[in-house]
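Novice: Would you mind keeping the following structure in view while I ask a few things?
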Amino acid sequence: MMQAKKTLSTLGVLKALSLLAVVGMLLAVPPAHAQNVASQKAYFGSGQTEILNPNGGVVLSGYMKTSSVGDLLIGFSMECALWTSTSTTATKGGARTTSTARAAVNVTVYVDGAQAEPGQVVYCDRQQTVSLQFSSLTVEVTDAITLDLFLKTKNANHFNFYQKNVGSGVHYVEVKVDSLVSPDPNAPADPGTRAVAGKRSLVIEEYNNP
């Protein structure tokens, strides 16, 4: 009986030592998490999902900590695609007819809910206008003519926004994108007129403007 008690006691000590070793290993491993806002020198974010006809929603956002004399420099890059479609029909001997379609994508940056300078920026904007007049009076041609025109373009643009005297602390930056889509009512619905926000990236830095 005495030998059994001694064995159980030894096992208990070994279990306690093993538990302490595991705890020590856990404490030695640094926690796996993103960089703390307080230690950031700059912030970077990105997105790839295309947004058709954006309506003013937030597409990217981030936090940045500044000192008491810091300002914020916010760089935003984005792909911008525009489709414009027009259809114009002119009658023989009639007056000139005109059709118009327009598409645009605009960006506005906010810092703690306040609009950053210089305000809303146009990243892409196109107005497509087509005029047509059928002046032939010969009988060999038909009595009307129709011109359909479709343009599709895509490019990437960058702009630097800024906010002065934000004060010390952590600040919330958000990028909102909206669009203007004015289709020609006579143009085919497919492919149509549209505006698309594509791949994008956001960089936030603290700077001191002398």
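Novice: Per residue, how many Å² of accessible area does the stretch 49-144 show with a 1.4 Å probe?
Specialist: Per residue, the stretch 49-144 has 47 Å² of solvent-accessible surface.
Novice: Given H placed 1.01 Å from N in the peptide plane, which residues other than close sequence neighbours of Ala116 have an amide H under 5 Å from its amide H?
Specialist: Val109, Tyr110, Val111
Novice: In addition: So how far, in whole Å, is the C-alpha centre of the stretch 141-181 from the one of the stretch 186-207?
Specialist: Here the two parts' Cα centres lie 6 Å apart.
Novice: If you stretched the chain out fully between Asn208 and Asp71, how much longer would it get, using 0.36 nm times the residue separation minus the C-alpha to C-alpha distance?
Specialist: Extra length from Asn208 to Asp71 when fully extended: 48.7 nm.
Novice: Can you work out the Karplus-derived ³J(HN,Hα) for every residue in the stretch 199-205? Use 6.51 cos²θ - 1.76 cosθ + 1.60 with θ = phi - 60°, whole Hz, and x for glycine or proline.
Specialist: 4, 8, 8, 10, 10, 10, 9
Novice: Another question, if that's okay. Mind giving me the nanometre distance, one decimal, between the label points for Ile145 and Ser182, set 7 Å out from Cα along Cα→Cβ?
Specialist: 2.7 nm
Novice: Next question. So for Phe150, Phe161, what's the accessible-area order with a 1.4 Å probe, most first?
Specialist: Ranked list, largest accessible area first: Phe150, Phe161.
Novice: Could you list which residues have their amide H under 5 Å from that of Asn53, counting only those 5 or more apart in sequence or on another chain, with H placed in the peptide plane?
Specialist: Sorted by chain and number, the residues that satisfy this are Ala195, Val196, Ala197.
Novice: With a 1.4 Å probe and every protein chain kept in, tell me what percent of the accessible surface of the stretch 143-210 is carbon plus sulfur.
Specialist: 50 percent
Novice: By how many nm would the segment from Val170 to Thr153 lengthen if fully extended, with 0.36 nm per residue of separation less the alpha-carbon distance?
Specialist: That works out to 2.2 nm of additional length.
Novice: Right, something else. Provide the per-residue ³J(HN,Hα) series for the stretch 153-161, in order, calculated from phi with Karplus coefficients 6.51, -1.76, 1.60 and θ = phi - 60°, each as a whole number of Hz, with x at glycine and proline positions.
Specialist: After applying 6.51 cos²θ - 1.76 cosθ + 1.60, I find 9, 8, 8, 10, 10, 9, 8, 9, 9 Hz.
Novice: Next question. What does the C-alpha gyration tensor say about the overall shape of the stretch 47-107? Classify as rounded when a/c is under 1.5, otherwise prolate if a/b is larger than b/c, or oblate.
Specialist: It comes out prolate by the Cα gyration axes.
Novice: Taking only C-alpha pairs under 8 Å that are 6+ residues apart, what is the relative contact order of the stretch 47-104 in percent?
Specialist: 23 percent
Novice: Per-residue accessible area for Arg126 at 1.4 Å probe radius, Å² rounded to 10?
Specialist: For Arg126, solvent-accessible area is about 40 Å².
The values are calculated or read from the model by the stated rules, or taken from the named source; none is laboratory data. As the structure is a prediction and not an experimental result, all values here were calculated from the model. Reconstructed Cβ throughout: ideal geometry from the backbone, glycine too, with neighbour counts over all protein chains shown. With ligands, DNA and RNA removed, areas are computed over all heavy atoms of the protein, side chains included. Shrake-Rupley method; radii C 1.70, N 1.55, O 1.52, S 1.80 Å.
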